[in-house]
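Contents: one structure, followed by commentary.
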Amino acid sequence: MADSFDIIVIGSGPAGYVCAIRAAQLGMKVACVEKRATLGGTCLNIGCIPSKALLQSSENFHETLHSWKDHGIVVEGVKLDLDRMQDRKGEVVTANVKGVEFLFNKNKIAWLKGSGRIVAPGKVDVGGTIYDAKHIVIATGSESVPLPGVAVDEDRIVTSTGALELDEVPGHLVVVGGGVIGLELGSVWRRLGAKVTVVEFLDRILPGMDNEVAKTFQRVLTKQGFAFKLSTKVTAATKDDTGVSLTLEAVKGGGAETLRADVVLVAIGRRAYTEHLGLAEAGVETDARGRVKTDAHFATNIAGIYAIGDVIAGPMLAHKAEDEGVALAEILAGQAGHVNYAAIPGIVYTWPEVASVGETEETLKEAGIAYVVGKFPFTANGRARAMGMTDGFVKILADKTSDKLLGAHIVGPDAGALIAEIVTAIEFGASAEDVARICHAHPTLSEAVKEAALAAEGRAIHI
Ligand SMILES: Cc1cc2nc3c(=O)[nH]c(=O)nc-3n(C[C@H](O)[C@H](O)[C@H](O)COP(=O)(O)OP(=O)(O)OC[C@H]3O[C@@H](n4cnc5c(N)ncnc54)[C@H](O)[C@@H]3O)c2cc1C
């Protein structure tokens, strides 16, 4: 007879593997079903980790070529060894996925290899064997949204997965979609020498992020050599021996134009992945966008079946998925697991980075909430000057009456690390004044956060 478990988690991405580990820590007998050859999901295999490895390597290459001479460092004969760069990325991925396997062994979590299908509440089929569980957790993640008229072959027309695997630098990379993934991977190939054009349906990049930040970021990327075609849609793609011809149309109408590309990256978003999971047969409800519907405690409409991560509503981010994994395991153990969705940071790991948490000016205006803005530019920060990285600013939004922090948006060096302070402050219900009165070491980039908090009260020192 097949094993039975307290919890079977389907999917070993950040939602699934973290839920499995936390549940095992809490004394439950846990299995995790994963059909990929390695653990870690999209994030570790084809997402966060390989993209950050290539972002780091390409940044190093670009810096060596373009920035060091300004510091008085002359390096001649700099060459790109793309094979080594890709191998290194593979090594980083392997170390991470093996790390999850180690943690599974350490926590005595059974890895059920294969595709999991829910055959009934409490029963999961993996490769023809039915396993029993008190609780089933759906953590099957997401996949790229296809673009009608543009057939992906992961060679010349690629998703993010193919864009991480290119074995030569494309002459011209056209990125369809001006969101986080498109801009990160566009940056990788731009730094390595490609001409990069971003085609975006909306009239702005980074939809959902603060508008002023997005505009500044677009200016910075344009300085770096990116070209943008906003309010433009791609309606068709034709491949030939030497590349791809894309048909572009202005969203507002008008004639079509053709854009030639060596490689096209389709990055128009991701959607919940629930194929072959047996949801309909099990009676598990999904919403209009195919996401598994859950209540505030991650429970679906069927007793004993839960869902977390990219497959449910909310930002498609690894740390959101992880926190949901922990919260659900704790709920199932009878504890009070909880995720504060008002304090989930979002980061674009380009250079400069873009980081954001909480409300934007746009969402506050829409909600009719009176707020104050405190802004501080990196041009006025001593450390940023010393680094030669003065593009961007910190912007803090606080409630006009109570001064409570409502959001923060940063474009600038190390924005992803800097935002953590504001996330912590929001989590603790702090005011802008609280942040302004905290002692920040000098000279650090974090002083720009303090100054922005001071600016919210009209008393920044260095501007
Ligand atoms: C290029 C790229 C870069 C990204 N960068 C970042 C970043 O820097 N920071 C960030 O926060 N987020 C990033 N993301 C998003 C992040 O990867 C996702 O939010 C995260 O992986 C979601 O975790 P998850 O566990 O919900 O799903 P996933 O990581 O997608 O994992 C789901 C797993 O379930 C498995 N599975 C699916 N169905 C079944 C089944 N029936 N049986 C068995 N196994 C199944 C899949 O094989 C997969 O391994 C990036 C994504 C991409 C594509």
Only one of (1) modelled with pLDDT under 95; (2) within 16 Å of the ligand (Cβ to nearest atom) is not met by residue 18, so which one is it? (1)
Give the stretch 324-370 a look and list any residue that's within 16 Å of the ligand (Cβ to nearest atom) and without any contact (Cβ under 8 Å) to a residue 24 or more places away in the chain, or say none. 339
Pair list, Cβ under 8 Å, 6 or more apart: the stretch 300-319 residue more than 17 Å from residue 120 (Cβ to Cβ) and charged (D, E, K, R), other residue within 8 Å of the ligand (Cβ to nearest atom) and in a loop (DSSP other than H, G, I, E, B): 310/13; 310/141; 310/273; 310/316
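Of all the residues that make up the stretch 399-423, how many are in a helix (DSSP H, G or I), out of contact with any helix residue (DSSP H, G or I) (no Cβ under 6 Å at 6 or more places or on another chain) and more than 14 Å from residue 343 (Cβ to Cβ)?
Of the stretch 399-423, the ones in a helix (DSSP H, G or I) are 415-423.
Now drop any that are not out of contact with any helix residue (DSSP H, G or I) (no Cβ under 6 Å at 6 or more places or on another chain), which leaves 415-417, 419-420, 422.
Still in the list and also more than 14 Å from residue 343 (Cβ to Cβ): 415-417.
Total satisfying the criteria: 3.
If you take the residues in the stretch 30-48 that are touching a residue at least 40 places away in the same chain (Cβ under 8 Å) and more than 8 Å from the ligand (Cβ to nearest atom), which one is surrounded by the most Cβ atoms within 10 Å (Cβ to Cβ)? Walk me through it before giving the result.
Let us first name the residues in the stretch 30-48 that are touching a residue at least 40 places away in the same chain (Cβ under 8 Å), namely 30-35, 38-48.
Next, from what is left, pick out any that are more than 8 Å from the ligand (Cβ to nearest atom): 30-32, 38.
Details: 30: 27, 31: 23, 32: 29, 38: 16.
Among them, the one singled out is 32.
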Cβ-Cβ under 6 Å pairs, at least 6 apart or on other chains, the stretch 99-127 side in contact (Cβ under 8 Å) with a residue 60 or more places away in the chain, far side surrounded by 15 or more Cβ atoms within 10 Å (Cβ to Cβ) and among the polar types (S, T, N, Q): none
Among strands (runs of 3 or more DSSP E) entirely within the stretch 283-373, at least 2 residues that are over 20 Å from the mean Cα position of the chain (by Cα) occur in 305-307
Any idea which of (1) surrounded by 21 or more Cβ atoms within 10 Å (Cβ to Cβ); (2) not assigned by TED's automatic domain parsing to the domain that holds residue 42; (3) not in a strand (DSSP E or B) is the one residue 222 doesn't satisfy? (1)
Unique residue being surrounded by 24 or more Cβ atoms within 10 Å (Cβ to Cβ), aliphatic (A, V, I, L, M) and out of contact with any Lys or Arg (no Cβ under 6 Å at 6 or more places or on another chain) when the list is 367, 380, 398, 386: 398
Residue check, residue 250 over 22 Å from residue 351 (Cα atoms) and free of Cβ contacts under 8 Å to residues at least 12 places away in the same chain: no
Do the conditions hold for residue 83, that is, is it part of a strand (DSSP E or B), more than 16 Å from the ligand (Cβ to nearest atom) and either in contact (Cβ under 8 Å) with a residue 40 or more places away in the chain or among the aromatic types (Phe, Trp, Tyr) (or both)? no
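Only one residue in 92, 78, 152 is hydrophobic (A, V, I, L, M, F, W, C), more than 16 Å from the ligand (Cβ to nearest atom) and at pLDDT 95 or above. Which one?
78
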Exception for residue 103 within (1) under 30 Å from residue 61 (Cβ atoms); (2) in a helix (DSSP H, G or I) falls at (1)
Would you please name the residue that is surrounded by the fewest Cβ atoms within 10 Å (Cβ to Cβ), looking only at residues in the stretch 106-125 that are part of a strand (DSSP E or B) and within 11 Å of the ligand (Cβ to nearest atom)? 113
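Taking residue 173, is it closer than 30 Å to residue 83 by Cα, within 18 Å of the chain's Cα centre (by Cα) and not assigned by TED's automatic domain parsing to the domain that holds residue 21? Spell out how you get there, then give the answer.
Working: closer than 30 Å to residue 83 by Cα: yes; within 18 Å of the chain's Cα centre (by Cα): no; not assigned by TED's automatic domain parsing to the domain that holds residue 21: yes.
Judged against the criteria, residue 173 is not a match.
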For the stretch 126-144, which positions are under 31 Å from the mean Cα position of the chain (by Cα) and within 11 Å of the ligand (Cβ to nearest atom)? 126, 137, 138, 139, 140, 141, 142, 143, 144
Kindly list the number of the only condition in (1) of a type outside the set (S, T, N, Q); (2) surrounded by 15 or more Cβ atoms within 10 Å (Cβ to Cβ); (3) more than 15 Å from the ligand (Cβ to nearest atom) that fails for residue 102. (2)
Restricting to the stretch 265-296, give me the number of residues that are away from the ligand (no atom under 16 Å from the Cβ) and over 18 Å from residue 316 (Cα atoms). 2
Examine the stretch 53-60 for a residue that is under 23 Å from residue 310 (Cα atoms) and touching a strand residue (DSSP E or B) at 6+ places or on another chain (Cβ under 8 Å), and state whether such a residue exists. no
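Residues 73, 118, 157: which one is closer than 30 Å to residue 276 by Cβ and out of contact with any Gly (no Cβ under 8 Å at 6 or more places or on another chain)? Break it down stepwise before answering.
Details: 73 fails: closer than 30 Å to residue 276 by Cβ; 118 fails: out of contact with any Gly (no Cβ under 8 Å at 6 or more places or on another chain).
From the options 73, 118, 157, the qualifying one is 157.
The values are calculated or read from the model by the stated rules, or taken from the named source; none is laboratory data. The structure presented is a predicted model; accordingly, all values stated were derived computationally and were not measured. Note: ideal-geometry Cβ built from the backbone for every residue, glycine included; neighbour counts use all protein chains shown.
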